[in-house]
Amino acid sequence: MQLDYSDIARICGQAPEVDAGEVGVPQSDLVAECQIDLSKEIAEPLPLLSIGEGVLFSEGNISTIGGAAKSCKTFLVCLLAARMLDHNMQARVLVVDTEMARHSTLKTARRIHRLAGWDPRLNNNRLKVFSLREYSAAERTAIFTQIVEKWQPSLVFLDGVRDLVRDFNSADESSETVNLLMRLTTLHNCHICSVLHENKVGGQLRGHLGTEIVNKSETVLGISRTGGVSTVRPLFTRNRPFDEFHFLINDKGLPEMCGKNDVKTKTDSVLYEHFERIFSTINSLSYADLRNRLMKCQSISARTAERKIKEAIGQQLIDKNSNGEYCLYPSDETIQYQLPLSV
């Protein structure tokens, strides 16, 4: 994006802490403005995204997505952004990336378009995506502020909040950055969801910045990835907790809701194919019959067949039914998974 350095200087030069005297506002007026008046009603924040009965994001708040590298945090951003756009025709979403190269950020933008059912090669004014990788921390902060002020979004994803500070272990920098996010959400009545990496050891969000942003967040989502399936859990929420959900990356390169055990490794898939072939003409078998058919099917010994049956049970490829016979484990492919989000 084009950069106006006079605007950057103006924004970067603003003091993070407001002195009432310097800005010409009497101290007594600020105190009165901050006081809670019990005789006046204050409207509850408008929910933007909910999962079941629990509010995920609401206006005027900040939230956090945390996870290890390669846990598909950006894919989760795409999933949530598309759901917001698809279910609220008035919503405007911003995605601001500070880490990826521009061609990767372009892929993110097109991925959201595809998930929302839009043409991936035509801009849509309801979604704006920005890449700030090449700028300094101060420049990124200034540009980010300008973007929010200009576009007045409903929901903002800041993918790489760590890059708005020089030192994520600095208490002062961390406090200033989190205060900026809270101030922007209040002034512009939006929600800002930041994405932050976990430490390699301990699983905590990085540095003082991680601690500060978690303390101020409405919702903290944790994401982890095992065997091709990403699991999203509510690590903290000020609202009603929601159940974890899962997604995978399908053959079109898009995040897709799934069951926890949908994706198997190559070895799992080969093993599953053997049992699928055995059960193609019969619903269930006794242990002895299953072992014998597996021995014949693969030309293996009884001991090897028993080991494979044990592995298949442990990997939930086969299961024992109420009659004590073995059958294929109920396939998650027969279930339609939907992200239980509402707006």
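Each reported figure results from applying straightforward, stated rules to the coordinates on display, with no laboratory input. The structure presented is a predicted model; accordingly, all values stated were derived computationally and were not measured. Cβ: placed from backbone, ideal geometry, glycine included. Neighbour counts: every protein chain shown.
Compute the length gained on full extension between ALA43 and ARG238: take 0.36 nm times their separation in residues and subtract their Cα-Cα distance, giving the result in nm to one decimal. Kindly include the intermediate steps, with their values, before the conclusion.
Working: separation 195, 0.36 × 195 = 70.20 nm, distance 1.68 nm.
Stretched fully, the ALA43-ARG238 segment lengthens by 68.5 nm.
Once you have the Cα-Cα distance between GLU311 and LEU30, take 0.36 nm times their residue separation minus that, and quote the gain in nm to one decimal. If you can, show how the numbers build up before the last one.
Working: separation 281, 0.36 × 281 = 101.16 nm, distance 6.71 nm.
Here the segment from GLU311 to LEU30 would lengthen by 94.5 nm.
So for each of 321-328, 229-236 I average, over its residues, the number of other beta carbons within 10 Å; can you give me the resulting order with the highest mean first? Display every interim value, and only then the final one.
Numbers: 321-328: 13.2, 229-236: 18.8.
Packing proxy ranking, top to bottom: 229-236, 321-328.
In sequence order, what are the phi-derived ³J(HN,Hα) couplings for region 64-69 according to the Karplus relation 6.51 cos²θ - 1.76 cosθ + 1.60 with θ = phi - 60°, rounded to whole Hz, with x for glycine and proline?
With coefficients 6.51, -1.76 and 1.60, one gets 9, 10, x, x, 6, 4 Hz.
Just to compare against my own numbers: the Cα pair-distance distribution for region 148-198, 5 Å bins, whole % per bin, please.
So the P(r) values, bin by bin, are 4, 20, 28, 25, 15, 7, 1.
Roughly how many nanometres apart are two label points built 7 Å out from the Cα toward the Cβ at ASN323 and ASN215?
6.2 nm
Ranked highest first by the average count of other Cβ atoms within 10 Å around their residues, in what order do 272-282, 117-127, 76-86 fall?
Listed from highest to lowest mean packing, they are 76-86, 272-282, 117-127.
Nearest 5 is fine: what % of DSSP beta bridges in region 43-258 come out antiparallel, could you say? Let's see the in-between values first.
Working: 21 of 46 bridges.
For region 43-258, the DSSP antiparallel bridge percentage is about 45.
Which pairs break 19 Å Cα to Cα here: LYS70/LYS128; LYS70/LYS107; LYS73/LYS260; LYS107/LYS252; LYS107/LYS128?
On the way: LYS70/LYS128 24 Å; LYS70/LYS107 16 Å; LYS73/LYS260 17 Å; LYS107/LYS252 12 Å; LYS107/LYS128 13 Å.
In this structure, LYS70/LYS128 lie more than 19 Å apart at Cα.
Expected output is a single nm value to one decimal: the length gained when fully extending between ALA101 and MET182, i.e. 0.36 nm times separation in residues minus the C-alpha distance. What is it?
26.4 nm
Please list log₁₀ I(q)/I(0) at q = 0.13, 0.15, 0.17 Å⁻¹ for region 43-258, using the Debye equation with identical point scatterers on the alpha-carbon positions.
For the requested q values the scattering log ratios are -0.69, -0.95, -1.28.
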